[in-house]
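Written out below as structure tokens is the structure these notes cover.
The values are calculated or read from the model by the stated rules, or taken from the named source; none is laboratory data. All figures in this text were calculated on a predicted structure; none of them were measured in a lab. Using ideal geometry, Cβ is built from the backbone for each residue, glycine included, and neighbour counts are taken over all protein chains shown. Ligands, DNA and RNA are stripped out before the accessible areas are found, and what is left, the full protein with its side chains, is counted by its heavy atoms. Shrake-Rupley method; radii C 1.70, N 1.55, O 1.52, S 1.80 Å.
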Amino acid sequence: IRIYVPADSAAIALGADEVAEAILAQAQQRGIEIDLIRNGSRGMFWLEPLVEVETAADTTTGRIAYGPVQVEDVSALFDADFLHGGAHALSLGLTEAIPYLQKQERVCFARMGVIDPLSLSDYEAHQGFAGLRRCLSMSPTEIVQEVLDSGLRGRGGAAFPTGIKWKTVAAAQAPQKYIVCNADEGDSGTYSDRMTMEGDPYMLIEGMTIAAIATGATQGYIYIRSEYPRAIEVMQAAIANATKAGYLGDSIAGSSYSFHLQVRKAAGSYVCGEETAMLESIEGKRGVVRAKPPIPVMQGLFGAPTVINNVISFASVPRILERGAAYYKNLGLGRSTGTLPIQLTGNIRYGGLIEKAFGVTLRELLFDFGGGSASGRPIKAVQVGGPLGTYVPEQYWDLPFDYEAYTAVGATLGHGGIVVHDDTADLSKLARYAMEFCAIESCGKCTPCRIGSTRGVEVIERLVQADTDSALKPAQEKLLRDLCHTMQYGSLCALGGMTPNPVISALNYYPQDFGLAAANPA
Ligand code: SF4
């Protein structure tokens, strides 16, 4: 009998380690032999710790889930014979039949929670390294073309076509090229990178290795935020295992390609998620944004041509190579091809990871998946795309999740993070917080961001405090809009350039929170 208890950081925070220990102790006490596996999370956090049971008979029908399991439930679960599907109040039936999971299109996250993250044989048994193996029978040009044809765009937020980056680095003539994975995942409400690294680390290694073969790079780095100690630990162990098994190192799977991979621990700076600041940080310098050009694909890490992609971008590649570009391209909508792992957080009843093809609407995510607000109150504002994302009002909740559709209304999908607020939220406070966040995290290189963000906090405070009918009110609103315009167009990178998104959307869609009768965008 196999029992699965997640070792994902979120599950551990909710008591998974203690539950795993209690299960082992109970089994020993009762003389029952079990095989306890610490898997990744299925991403249904309100059910964590989610315990799954698989008997020999269940391998064809599926695992039975129980959750959320607390230490004090363990003895009763054994009494109810949960190891053989016995009835218990915490029983959720077949894991795969839970509607939250069933309604998803899991491409990247297909193995998440299914396999033992560090077991190479488990990974291989679930189509692991199938993409890499196919690559070894293709030319680098064909691999790049396959990624181009899939339409994959960067999942870190910028949505730049991944294949174009690869093509540029492949064409560059240089003695050394690099592959860098941006795993700094600093956006509020996001965790898909962390879950990938903790729950399916070989998928990231495979994607980066394919990128190396396609572009001629021989060295790679995974830049992981220091707030992710478990992801760092799992990735390091996975790199060691993959190297030992010949999937990394001097002769990848017996081929003439070589690729070496290392983890670099970040130091906790939001701006180091900006690709050039990240390169500075990997080089051992202070994380300050570089002016472009030169762009990293031409002169990146240590001045060499460098592919930089986010965790989910790399993690999408093995499936594309395994099943072909057409399979991936047929998922999604228009130029937004494939799937996006969406992270539902904040004031929401059923928060978690939802992988869907582009085209799902925010309303479906909030209500069909999320079940409405956790407080039971009406949802007022939804920030999509991290701390620099727009507050999306209800009038746009039926738009398809699609890069173009969101850009058309001044919003962004970013890294797929969604933070929900109910009607008690004060959007003027959230706008002030956006400016304060920018002031704290600014690298200080350019004036609109470094000084503008501090002035922004002050102007918002004056705007909110001004009497409703005083002349100061419209004057401060105008000043705030002018300042946002300067930050948007005068900042060197997205931190200063996108901080106006939450501020202006709060002002436009929720003017009453600033004490304004109506927004005055002119
Ligand atoms: Fe640095 Fe801000 Fe300028 Fe970006 S916008 S380069 S974070 S000062």
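Quick look at the values:
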| item | result |
| --- | --- |
| Complete set of residues in region 436-464 that are more than 12 Å from the ligand (Cβ to nearest atom) and either under 28 Å from the mean Cα position of the chain (by Cα) or open to solvent by 30 Å² or more (accessible area, probe 1.4 Å) (or both) | 436, 455, 458, 461, 462, 464 |
| Subset of region 254-267 that is part of a loop (DSSP other than H, G, I, E, B) and open to solvent by 40 Å² or more (accessible area, probe 1.4 Å) - its residue that is nearest to the ligand (Cβ to nearest atom) | 267 |
| Leading residue by the ranking (most open to solvent (accessible area, probe 1.4 Å)) among those in region 268-295 that are free of Cβ contacts under 8 Å to residues at least 24 places away in the same chain, more than 11 Å from the ligand (Cβ to nearest atom) and farther than 13 Å from residue 443 by Cβ | 293 |
| Some residue of region 466-486 being near the ligand (Cβ under 9 Å from one of its atoms), touching a Gly at 6+ places or on another chain (Cβ under 9 Å) and open to solvent by less than 20 Å² (accessible area, probe 1.4 Å) | no |
| Single match in 457, 503 (criterion: over 23 Å from residue 411 (Cβ atoms) and either charged (D, E, K, R) or part of a helix (DSSP H, G or I) (or both)) | 457 |
| Cβ pairs under 7 Å, 6+ apart, first in region 426-453 and touching a residue at least 24 places away in the same chain (Cβ under 8 Å) and closer than 16 Å to residue 386 by Cα, second away from the ligand (no atom under 12 Å from the Cβ) and among the small types (Gly, Ala, Ser) | 427/381; 427/506; 430/506; 431/506; 435/456 |
| Residue that is part of a loop (DSSP other than H, G, I, E, B), of a type in the set (Lys, Arg) and under 30 Å from residue 257 (Cα atoms), where the choices are 133, 111 | 111 |
| Residue match in region 83-90 (condition: open to solvent by 50 Å² or more (accessible area, probe 1.4 Å) and of a type in the set (A, V, I, L, M, F, W, C)) | yes |
| Region 1-52, residues that are under 23 Å from residue 349 (Cβ atoms) and acidic (Asp, Glu) | 8, 48, 52 |
| Test: residue in region 388-400 that is more than 12 Å from the ligand (Cβ to nearest atom), within 17 Å of residue 274 (Cα to Cα) and touching a Leu at 6+ places or on another chain (Cβ under 8 Å) | no |
